[in-house]
1. Run the reach check for residue 79 against aspartates and glutamates, Cα to Cα strictly under 14 Å, same-chain hits fewer than 8 apart removed. What comes back?
2. Tally Lys/Arg at +1 and Asp/Glu at -1 over every other residue whose Cβ is under 9 Å from the Cβ of residue 165; what's the total?
3. Probe radius 1.4 Å, ligands and nucleic acids left out: which of 107, 20 has the largest accessible area, and how do the rest follow?
4. Under a 5 Å amide H to amide H cut-off, with H placed in plane at 1.01 Å, what residues pair with residue 154 once short-range neighbours are removed?
5. For the stretch 28-128, just run the numbers: alpha carbon Rg, then divide by 2.2 N^0.38 Å, N being how many residues it has.
6. R0 = 30 Å: FRET efficiency of residue 4 with residue 94, Cβ-based, nearest 0.05?
7. Per the 1.4 Å probe, what fraction of the accessible area of the chain, in percent, lies on carbon and sulfur atoms?
8. Contact order normalised by length for the chain, with contacts defined as Cα pairs under 8 Å and 6 or more residues apart; what percent is it?
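The values are calculated or read from the model by the stated rules, or taken from the named source; none is laboratory data. Owing to the predicted nature of the structure, the values given are computational and were not obtained by experimental measurement. Backbone-built Cβ (ideal geometry, glycine too); neighbour counts: all protein chains shown. Note: accessible area is taken over every heavy atom of the protein model, side chains too, but ligands, DNA and RNA are not part of it. Shrake-Rupley method; radii C 1.70, N 1.55, O 1.52, S 1.80 Å.
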Amino acid sequence: MPHHLMPMLSQIDLQHGTIKDAAEVIVRRLSDMQGHYQDQNAVRDLLQEDPILYRVYLTTPPDHEYQWRTAMSVIEPGKVGAEYYMTKGHFHKDQQAPEVYLTLLGKGQIVMQTHDGQTETQPMLPGAVNYIPGGWAHRTINTGDSPLAFFAVWPADAGHDYAGVADRGFPLLVLEENGQPVVVPNPHYEGS
Ligand code: S6P
Ligand code: ZN
């Protein structure tokens, strides 16, 4: 007899972007990613309160058998110096593994890069579907003044490579200038 997984239902709270019965919730504070921000004086000041920057609500546990993983990410509004709150960003270990994001709440940018230096940014607004092909690292940035919440779907065996981004950074930064988000080259990007 073939072994069938059971169908699964998750309920997203469309007001907050959260999933109450999430199988796992990842909470990332500034102290989990202080090296990712440019302005180390601002990091030092903010570390006193060590704010939560974002939460990820996963619908399946890490050791599940399902072929897709799905999650809601909710990034709080805020800045570290001129840089908006953002995710760490990662490559998928499997360079063939793509991902789809659907934004439900808020306003932001997704910044993507390949290992050989190609870059791409796209807006994130409610209703936006961002397709991230295999081989593209991806980071999301909340450029608004309310939480940015998006739903993600990716192959469960994709794996996550955080070191590539932590070591080199992203070639592009999203900063606030005169109250507006601007995309600028990262002067500290290791490939530059
Ligand atoms: C997983 C997917 C998202 C992120 C989440 C947090 O492939 O891209 O669920 O995990 O947005 O970002 P990060 O970079 O801390 O994993
Ligand atoms: Zn991903």
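1. 39, 45, 49, 50, 145, 176, 177
2. Surrounding charge for residue 165 is +1.
3. 20, 107
4. 69
5. Scaled against compact globular proteins, the figure is 1.20.
6. Between residue 4 and residue 94 the formula returns 0.75.
7. 52 percent
8. 22 percent
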